[in-house]
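The values are calculated or read from the model by the stated rules, or taken from the named source; none is laboratory data. No experiment lies behind these values; they were computed from the predicted model shown. Every residue, glycine among them, receives a Cβ derived from its backbone with ideal geometry; neighbour counts consider all protein chains shown.
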Amino acid sequence: MDWSSSTNPRSDYRPPLRWVWLGRRTWSVANELQERLVRARRSGSVGDTLLALEHEPVVTFGRRADPRHLRVSAAELARRGIDLAAATRGGDVTYHGPGQLVGYPIVALPAKRRDAHAYLRTVEEALIGAVAEWDIAARREPGRTGVWVGPDKLAAIGVRLSTGWITSHGFALNVGSDLSGFATIVPCGIADGGVTSIARLTGHEPALPAVAARVAEHLAAGLGLQAMRSSSIGAAAGPELFFAASVAHGDAEESE
């Protein structure tokens, strides 16, 4: 199917945002998967996609990262089992690790949505709407991209918009209670803000696939799409994606 020209005569039709839970993956593997999907989405061989996963411990630097925001040496990161990687997303430095939901939307923005700032606000609103289902009153902070509760950041956002207005990279929502990895950095380069998580705010740690399902629904609605769980994305993404999706398939029904 050529997803670049898919249409439907029904006025209430919303194209699908197919999302897949990949489980725990290294940053390098996930980055390769999303780069393949960006190319496939640009060619029209796959539709709009959301990769949902958690990473092995890693510190990533965005295009505008300040090296001074790394509080420990690369050797110390290695000693702690934390990788270090340079990402093509916007933003500064951030940490990813177990207990954090990472989402990479690979979406071809239509002409009416081709506004980078509006897209960032859409991602923020999706996360705010999703965590509200756990009775968390999160908000945006003027001048600071992301999702906040009090003085603390609950979710970081760093995206890339490439040729054809194809989105990649995305968001990191803290779910679990272990936030010790953030001590190695100045999160997002913001020295006067802390970090928090769903577990710390509620005393309960929901299953990551269940949180992913809620975020997918809110993000799809914000983009005028319909969230659809998938066990695979398409041949263009390569056999590793099929394997990753198949071994993790079914986890979204875990109890919250």
Which one of these is free of Cβ contacts under 8 Å to residues at least 12 places away in the same chain and either touching a strand residue (DSSP E or B) at 6+ places or on another chain (Cβ under 6 Å) or farther than 24 Å from residue 154 by Cβ (or both): 79, 42, 114?
79
Search segment 84-102 for residues that are over 17 Å from residue 162 (Cβ atoms) and hydrophobic (A, V, I, L, M, F, W, C) and pair each with any residue that is in a loop (DSSP other than H, G, I, E, B) and at pLDDT 95 or above when their beta-carbon atoms are under 6 Å apart and the residues are at least 6 apart or on different chains.
101/175
When residues of segment 151-173 are limited to those that are aliphatic (A, V, I, L, M) and buried (at least 22 other Cβ atoms within 10 Å of the Cβ), the one farthest from residue 27 (Cα to Cα)
154
Keeping to segment 80-128, report how many residues are charged (D, E, K, R), assigned to a helix (DSSP H, G or I) and within 13 Å of the chain's Cα centre (by Cα).
1
Whether any residue in segment 183-202 is modelled with pLDDT of 95 or more and part of a loop (DSSP other than H, G, I, E, B) is what I want to check.
yes
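State all residues of segment 136-150 that are touching an Asp or Glu at 6+ places or on another chain (Cβ under 8 Å) and surrounded by fewer than 23 Cβ atoms within 10 Å (Cβ to Cβ); if no residue qualifies, say none.
Quick first cut of segment 136-150, residues touching an Asp or Glu at 6+ places or on another chain (Cβ under 8 Å) only: 140, 145-148.
The answer is 140, 145, 148.
From 181, 176, which residue is under 16 Å from residue 212 (Cβ atoms) and crowded, with 17+ Cβ neighbours inside 10 Å?
Of 181, 176, the one residue that is under 16 Å from residue 212 (Cβ atoms) and crowded, with 17+ Cβ neighbours inside 10 Å is 176.
At positive phi and assigned to a loop (DSSP other than H, G, I, E, B): which single residue out of 224, 176, 146, 170 fits that description?
Among 224, 176, 146, 170, only 224 is at positive phi and assigned to a loop (DSSP other than H, G, I, E, B).
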Residues within segment 45-72 that are buried (at least 16 other Cβ atoms within 10 Å of the Cβ) and within 16 Å of residue 167 (Cα to Cα), tallied
9
